[in-house]
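For reference, the structure is listed below as structure tokens.
The values are calculated or read from the model by the stated rules, or taken from the named source; none is laboratory data. All figures in this text were calculated on a predicted structure; none of them were measured in a lab. Don't worry about glycine lacking a Cβ; one is built from the backbone with ideal geometry, like all the others, and counts go over all protein chains shown. Calculation scope for accessible area: heavy atoms of the full protein, side chains included, ligands and nucleic acids excluded. Shrake-Rupley method; radii C 1.70, N 1.55, O 1.52, S 1.80 Å.
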Amino acid sequence: MTLIRSDRVLKGLPELYQMDRWLEQVDLPARVHTLAAVEFGDEGLPLYCFEMGTRDPTAPAVIFTGGVHGVERIGTQVVLSFMNTLLQRMSWDDSLNQQLQQLRLVFVPLVNPLGMLKRTRSNGSGVDLMRNAPIDATGKVPFLLGGQRFSKHLPWYRGRKGDAMETEAAAVVELVTEIVQEAAFVISLDCHSGFGHQDQVWFPYAYTADPFDDIGEMFALRLLFRRTHPTFSFYRIEPQSRNYTTHGDLWDYIYRQTLHQRRGTYLPLTLEMGSWLWVKKNPMQMFNALGVFNPLLPHRHERVLRRHQCLMEFLMRAVASFKNWLPRPLERREWMHQAIEYWY
Ligand SMILES: [Zn+2]
């Protein structure tokens, strides 16, 4: 298959170009489908989904997503870079191929292709996909940042009340919901950048300061990571609501929607790469300039791509062997207490 794209798309979206090249590879050890496409002139920009590992829908699964916000290219690039490593390793690494017999890996590296092409945080209709789910915060949210319905010309626009979710958001919700309902255990990692000086791993909720149901399991995962990789202490791991609360968070929505329809535990994580250290810029450029959200110098760019591979690899292993560390039903309460004491 040869994919033809206009020059504007080729030049403006090297991330899509890389995925197109993978699609052309006859022996690519991954299954690819297009979740949806958004229109750009007479072209369609695809939301590609790559799957590796077992086809068994009940197997434990890890989901990696990126590029929900068009200006945060580095999120997509971190996912693509990790995928490249895996695709290479699958051709020679028996231990990885063995692991993948019991594990399902799902990647949606670029959720908002038109936003990335146009260099906007929002999608083509001016909607912030991470404020677009039909879920309202329970308390007060920060003005604008928490999600707003005033205008699509202001950042953090949620879309019109009562409208269906945007194509891109709905595609992610549908995909993840289906996986979470069937799989024995699921972790998702959504890669963002642009908030704070430090790399952070956030978990639910965004819509309330209350703890989520799997807080004990989350605490066990944190402990496992800290013990296994003590030199990766630079991640701050905490509920999103400790930073700010928002309306319309996609992960809150999926988590809540599937709460009573799941076979196993689901931990939705967000990697928020602290980019404020990378470059200092005019605050007015926050919503369309790439400098605030992405490392621009080559050595720094490579460092960021490399920096998160350990976390992603760890998540794969933790999910594949979840039975060896996940709190058992009788221990759940104790873990929950510890978590609440630690974080709340
Ligand atoms: Zn983001």
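For Thr265, the amide hydrogen comes within under 5 Å of the amide hydrogens of Val186, counting only partners 5 or more places away or on other chains and with H modelled in the peptide plane. With R₀ set to 41 Å, the beta-carbon distance separating Glu39 from His229 gives a calculated FRET efficiency near 0.45.
Dividing the alpha-carbon radius of gyration of the stretch 1-137 by 2.2 N^0.38 Å (N being the number of residues), what value is obtained?
Details: Rg = 15.8 Å, N = 137, 2.2 N^0.38 = 14.3 Å.
So the stretch 1-137 has a normalised radius of gyration of 1.11.
Taking every DSSP helix (H) stretch of at least 4 residues in the chain, weighting each as -39,500 (n - 2.57) and dividing the sum by the residue count yields a mean residue ellipticity at 222 nm of -10500 deg cm²/dmol. Size check on the stretch 125-197: the Cα extents along the three principal axes, sorted descending, read 40, 35, 25 Å.
What is the P(r) of the stretch 48-90, as percent of Cα-Cα pairs per 5 Å bin from 0? Going out from 0 Å in 5 Å bins, the stretch 48-90 shows 5, 18, 25, 22, 16, 9, 3, 0 percent.
Each residue of the stretch 23-34 was assigned a 3J(HN,Hα) from its phi angle through the Karplus expression (A = 6.51, B = -1.76, C = 1.60, θ = phi - 60°), giving 4, 6, 6, 4, 9, 4, x, 8, 9, 10, 9, 9 Hz with x at Gly and Pro. The charge dipole of the stretch 165-216, taken about its Cα centre with unit charges on the Cβ atoms of Lys, Arg (+1), Asp and Glu (-1) only, comes to about 180 debye. When the P(r) is computed for the chain, the part past 33 Å accounts for 23% of the Cα-Cα pairs. Based on protein heavy atoms only, the chain ends up with 45 Å² per residue of surface accessible to a 1.4 Å probe.
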